[in-house]
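Below is one structure, written out as structure tokens; the observations come after it.
The values are calculated or read from the model by the stated rules, or taken from the named source; none is laboratory data. Keep in mind the model is a prediction, meaning the values are calculated, not measured. No Cβ is skipped: glycine too gets one built from the backbone with ideal geometry, and neighbour counts run over all protein chains shown.
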Amino acid sequence: MAQLRDDCFNNDGKLLLANEAIDILVNRVHPIINTEVKELRHSAGRIIAEDIISEKDVPPHDNSAVDGFAVFYDDLSQVNDTNLIVGGRATAGHPLPRLQRRGEAIRIFTGAQMPKGNVGSPDTVLMQEDCKSEIINNIENVIIPPGIQKGANTRYRGEDISEGSKILNVGTQLRPQEIGLAASIGLTSLNVFRKLRVAIISTGDELFEPGVTLKSGGIYDSNRYSLLALIDSLGCEVTDLGILPDSEPSIRETLKSAAMNHDAIITSAGVSVGDEDHLRTAVLELGNLHFWKLAIKPGRPVAFGQIGRTAFIGLPGNPVAMMITFLIIARPALLKLAGASNLLPRLYNVQSGFDYKKKLHRREYVRVSLKIGNTGDLIAYKFPRDGAGILSSLVESEGIIELSEEITQLNKGEMVKFLPFTGVS
Ligand code: AMP
Ligand code: MG
């Protein structure tokens, strides 16, 4: 179960800055500790639970970076062509079965082990395109022009990974390149944190499951589908607990049983001011709850709490506010619980293509798309409509720009921080 202390999210009810909220989550939430061994083939997206120190050099032997001819550099003339007999072949996986003699060239192919020499070692490879081959007296000769650098076109033992070096850090979420790197030192499996178990719940009497006929006043539940996909993409194990009505007993019962076998429960809706207080009452009955009024737009109300050792995160109902508070606030918390070390997404500097007024002391996120300007800089253009319920705005935007608490006016041409949706899903 999640490692949460009692009162983990308490902040005394004041209006919270986004960074204060993120700090509380990132510093007070502790990762799950259970781990499991996963075959490399099934470890994509998992979070590694230990540092990996290589017991091997990669590559394991000096080898050729090109198709060409392996030579002793000292055999080459610095001013004239050099003519060498081609005395043998080394191909990938089939090394020269003898020592290379001074004064001969060996036909060599990319990835083939560099031959050992009878006196010193061949140290340089000529690309076949840079040489001429000639048959003289039935024997293949290679004519090598002057000017090659000593050591050219060779790859050295251990130049990628040296024995004893750390190749992966605990807390890294495994991407294709980390998995390949583990395979390159011969590992077949990795020790990873077990998947975080997250339950998703929608609340609201107006919500209907897609596929059914809407009743008067109803809308389809979209948040749950966005959330399920968001949790999947974080690499968590997700349980879909469906839609709950605005009724305290049914919310309480579902939360109570979900808390028994999940590390986190995420709900949407029912946390805004003026709501019937079912979520609040239910969570308080079962554990602790802290409503956070965050100084961010969109997405002001977010609830955090715990039921036993299970984290509870109540996101706002408006679909855009739900997505943005998930990405900015809930995502780092879930990643921390899951054992990840890289919690916050990277923001990139882009130029603003629009003027914008905002409220002091509040962080605002504005939906934008990027275009390349005349100078080659990326310029952010605002999605024309701002409503927190306009979900199509997230489909048509590439990301959001973050405007800090201190500013009240953004001017066209100023640099702003951009968070691409591709960086968080
Ligand atoms: P609430 O946070 O309950 O006040 O809801 C705010 C707005 O979000 C209302 O217009 C709700 O109808 C809408 N909403 C709540 N839950 C969902 C959902 N699961 N999918 C789409 N819209 C929702
Ligand atoms: Mg509601």
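For Val37, are the conditions met, namely being at pLDDT 95 or above, assigned to a strand (DSSP E or B), more than 20 Å from the chain's Cα centre (by Cα) and farther than 30 Å from Arg102 by Cα? Spell out how you get there, then give the answer.
Values: at pLDDT 95 or above: yes; assigned to a strand (DSSP E or B): yes; more than 20 Å from the chain's Cα centre (by Cα): yes; farther than 30 Å from Arg102 by Cα: yes.
Judged against the criteria, Val37 is a match.
Go through (1) crowded, with 19+ Cβ neighbours inside 10 Å; (2) more than 24 Å from Ser397 (Cα to Cα); (3) more than 13 Å from ligand 1 (Cβ to nearest atom) one by one and return the number of the condition His278 breaks.
(3)
Would you be able to tell me the number of residues in segment 40-91 that are within 39 Å of the chain's Cα centre (by Cα) and farther than 20 Å from Gly117 by Cβ? Full working, then the answer.
Narrowing segment 40-91 to residues within 39 Å of the chain's Cα centre (by Cα): 40-67, 91.
Of the ones still in play, those that are also farther than 20 Å from Gly117 by Cβ are 40-58, 67.
Residues meeting the conditions: 20.
Taking segment 217-248 as the region of interest, how many residues are more than 14 Å from ligand 2 (Cβ to nearest atom), in contact (Cβ under 8 Å) with a residue 40 or more places away in the chain and charged (D, E, K, R)?
The qualifying residues number 2.
Name the residues in segment 376-402 that are without any contact (Cβ under 8 Å) to a residue 40 or more places away in the chain, in contact with a strand residue (DSSP E or B) (Cβ under 6 Å, 6 or more places away or on another chain) and β-branched (Val, Ile, Thr), would you?
Across segment 376-402, the qualifying residue is only Ile379.
When the residues of segment 372-389 are narrowed to those that are hydrophobic (A, V, I, L, M, F, W, C) and part of a loop (DSSP other than H, G, I, E, B), which ends up farthest from Glu402 (Cα to Cα)? Steps first, answer last, please.
Let us first name the residues in segment 372-389 that are hydrophobic (A, V, I, L, M, F, W, C), namely 372, 378-380, 383, 388.
From what is left, the residues that are part of a loop (DSSP other than H, G, I, E, B) are 383, 388.
On the way: Phe383: 14, Ala388: 16 Å.
In this case the residue turns out to be Ala388.
Looking at (1) touching a residue at least 40 places away in the same chain (Cβ under 8 Å); (2) within 14 Å of ligand 2 (Cβ to nearest atom), which is the one condition that is false for Asp277?
Result: Asp277 passes all but (1).
With Phe354, Phe312 as the choices, which residue is free of Cβ contacts under 8 Å to residues at least 60 places away in the same chain, touching a strand residue (DSSP E or B) at 6+ places or on another chain (Cβ under 9 Å), part of a loop (DSSP other than H, G, I, E, B) and of a type in the set (Phe, Trp, Tyr)?
Values: Phe312 fails: part of a loop (DSSP other than H, G, I, E, B).
Result: Phe354 is the single residue among Phe354, Phe312 that is free of Cβ contacts under 8 Å to residues at least 60 places away in the same chain, touching a strand residue (DSSP E or B) at 6+ places or on another chain (Cβ under 9 Å), part of a loop (DSSP other than H, G, I, E, B) and of a type in the set (Phe, Trp, Tyr).
Residues are listed down the side, and each one gets a yes or a no for (1) buried (at least 23 other Cβ atoms within 10 Å of the Cβ); (2) in a strand (DSSP E or B); (3) among the aliphatic types (A, V, I, L, M); (4) within 15 Å of ligand 2 (Cβ to nearest atom):
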| position | (1), (2), (3), (4) |
| --- | --- |
| Glu285 | no, no, no, no |
| Val302 | yes, yes, yes, yes |
| Gln306 | yes, yes, no, no |
| Ala321 | yes, no, yes, yes |
| Ala330 | yes, no, yes, no |
| Ala340 | no, no, yes, no |
| Pro345 | no, no, no, no |
| Asn349 | no, yes, no, no |
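Could you please find all residues in segment 68-100 being closer than 15 Å to Gly151 by Cβ and either touching an Asp or Glu at 6+ places or on another chain (Cβ under 9 Å) or in a strand (DSSP E or B) (or both)?
If the condition is that a residue be closer than 15 Å to Gly151 by Cβ and either touching an Asp or Glu at 6+ places or on another chain (Cβ under 9 Å) or in a strand (DSSP E or B) (or both), then Gly68, Phe69, Ala70, Val71, Phe72, Tyr73, Asp74, Asp75 are the ones that fit.
I want to confirm something. Restricting to segment 287-300 and keeping residues that are assigned to a strand (DSSP E or B) and either within 11 Å of ligand 1 (Cβ to nearest atom) or not polar (S, T, N, Q) (or both), which single residue is surrounded by the fewest Cβ atoms within 10 Å (Cβ to Cβ)? Working first, answer last.
Step one: of segment 287-300, the residues assigned to a strand (DSSP E or B) are 288-294, 296-297.
Okay, now just the ones that are also either within 11 Å of ligand 1 (Cβ to nearest atom) or not polar (S, T, N, Q) (or both), so 289-294, 296-297.
On the way: Leu289: 22, His290: 20, Phe291: 20, Trp292: 23, Lys293: 13, Leu294: 23, Ile296: 23, Lys297: 18.
Only one residue fits best here, namely Lys293.
Could you name every one of the strands (runs of 3 or more DSSP E) located completely within segment 157-273 that has at least 3 residues being in contact with a Phe, Trp or Tyr (Cβ under 9 Å, 6 or more places away or on another chain) and within 16 Å of ligand 1 (Cβ to nearest atom)?
Working: elements: 166-168, 189-193, 197-203, 237-244, 264-268.
The qualifying strands (runs of 3 or more DSSP E) are 264-268.
From Ser247, Ser268, Ser272, Ser257, grab the single residue that is hydroxyl-bearing (Ser, Thr, Tyr) and more than 33 Å from the chain's Cα centre (by Cα). Talk me through it step by step, then tell me what you get.
On the way: Ser268 fails: more than 33 Å from the chain's Cα centre (by Cα); Ser272 fails: more than 33 Å from the chain's Cα centre (by Cα); Ser257 fails: more than 33 Å from the chain's Cα centre (by Cα).
Ser247 is the lone residue from the list that is hydroxyl-bearing (Ser, Thr, Tyr) and more than 33 Å from the chain's Cα centre (by Cα).
Quickly run through segment 260-274 and pick out the residues that are under 21 Å from Asn223 (Cα atoms) and either buried (at least 19 other Cβ atoms within 10 Å of the Cβ) or in contact (Cβ under 8 Å) with a residue 12 or more places away in the chain (or both).
Of all residues in segment 260-274, those under 21 Å from Asn223 (Cα atoms) come to 262-274.
If the condition is that a residue be under 21 Å from Asn223 (Cα atoms) and either buried (at least 19 other Cβ atoms within 10 Å of the Cβ) or in contact (Cβ under 8 Å) with a residue 12 or more places away in the chain (or both), then His262, Asp263, Ala264, Ile265, Ile266, Thr267, Ser268, Ala269, Gly270, Val271, Ser272, Val273 are the ones that fit.
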